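These notes are about the structure you will find just below.
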Amino acid sequence: GAVVSQHPSWVICKSGTSVKIECRSLDFQATTMFWYRQFPKQSLMLMATSNEGSKATYEQGVEKDKFLINHASLTLSTLTVTSAHPEDSSFYICSAREGTGTGELFFGEGSRLTVL
Amino acid sequence: TQLLEQSPQFLSIQEGENLTVYCNSSSVFSSLQWYRQEPGEGPVLLVTVVTGGEVKKLKRLTFQFGDARKDSSLHITAAQPGDTGLYLCAGLYNQGGKLIFGQGTELSVKP
């Protein structure tokens, strides 16, 4: 199957700093990418839909100024957690789809963020 | 509101027992998927069901999609300790192609 890679796998930062997480589709062009957040022992919560070349669409309750999403190319989307606080500590997972519509989604390995 | 109810959320059973996980929604899906996730990793797709009434089998796992394409179930026969993990159902909506996850079922199979 197609491969989606996230970097970094884990990151620790101080409160107040910003952290960028990358999501790359390695062997296909991803027109659409999705960002999820997952707390321990809980399910994945969709944060936003990232479309190449346009602004991301955020789910209700997700702060767009807090979680900046950029999808500048067909193989890369980034999520920047700005002015991070301990409550932002979570597991962030991206998924990517080749083309539009309802084709198969491929998931990254996830990125563990810990804010001290 | 897109809501996918998954139950039970926690399940602890002995090796050899059978179990069923349910996933229900008031919305109709274009397809429904079941994933399994290990700690610290992304979810791994187990199966996709598309047609109402569809039944798919994957070794000891049986997946069923409701006739109205609003609900699904995962049945595991003779569970083994290796089945331990987080099982997630996810519904794919035509609008926007978003995949929305249920709450997940944390399964523990004790030897």
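The values are calculated or read from the model by the stated rules, or taken from the named source; none is laboratory data. Because the structure is a prediction, the values reported are computed rather than measured. No Cβ is skipped: glycine too gets one built from the backbone with ideal geometry, and neighbour counts run over all protein chains shown. Note: accessible area is taken over every heavy atom of the protein model, side chains too, but ligands, DNA and RNA are not part of it. Shrake-Rupley method; radii C 1.70, N 1.55, O 1.52, S 1.80 Å.
Just a few scattered comments:
- Matching entry among A:Glu59, A:Glu22 (being away from chain B (no Cβ under 12 Å) and acidic (Asp, Glu)): A:Glu22
- Within region A:74-116, the residues that satisfy the criterion of being open to solvent by 30 Å² or more (accessible area, probe 1.4 Å), among the polar types (S, T, N, Q) and under 23 Å from B:Gly97 (Cβ atoms) are A:Thr75, A:Thr100, A:Thr102.
- Residue in region B:60-92 that is modelled with the lowest pLDDT, counting only those that are within 14 Å of chain A (Cβ to nearest Cβ) and open to solvent by 20 Å² or more (accessible area, probe 1.4 Å): B:Arg69
- If you filter region B:15-52 down to residues that are within 13 Å of chain A (Cβ to nearest Cβ) and among the acidic types (Asp, Glu), you find that the one that is most open to solvent (accessible area, probe 1.4 Å) is B:Glu41.
- Matching residues, region A:35-58, being in contact with a strand residue (DSSP E or B) (Cβ under 7 Å, 6 or more places away or on another chain), over 17 Å from A:Cys23 (Cβ atoms) and buried (at least 16 other Cβ atoms within 10 Å of the Cβ): A:Ser43
- Of everything listed in (1) of a type outside the set (A, V, I, L, M); (2) more than 10 Å from every other protein chain (Cβ to nearest Cβ); (3) more than 29 Å from B:Asn94 (Cβ to Cβ), the single unmet condition for A:Trp10 is (2).
- Applying the set (1) open to solvent by less than 20 Å² (accessible area, probe 1.4 Å); (2) within 14 Å of another protein chain (Cβ to nearest Cβ); (3) polar (S, T, N, Q); (4) more than 19 Å from A:Glu59 (Cβ to Cβ) to B:Ser12 leaves exactly one unmet item: (1).
- Residue in region B:99-107 that is away from chain A (no Cβ under 14 Å), surrounded by fewer than 21 Cβ atoms within 10 Å (Cβ to Cβ) and in a loop (DSSP other than H, G, I, E, B) present: no
- Flag for A:Leu26 being within 22 Å of B:Pro43 (Cα to Cα), open to solvent by 60 Å² or more (accessible area, probe 1.4 Å) and over 10 Å from the mean Cα position of the chain (by Cα): yes
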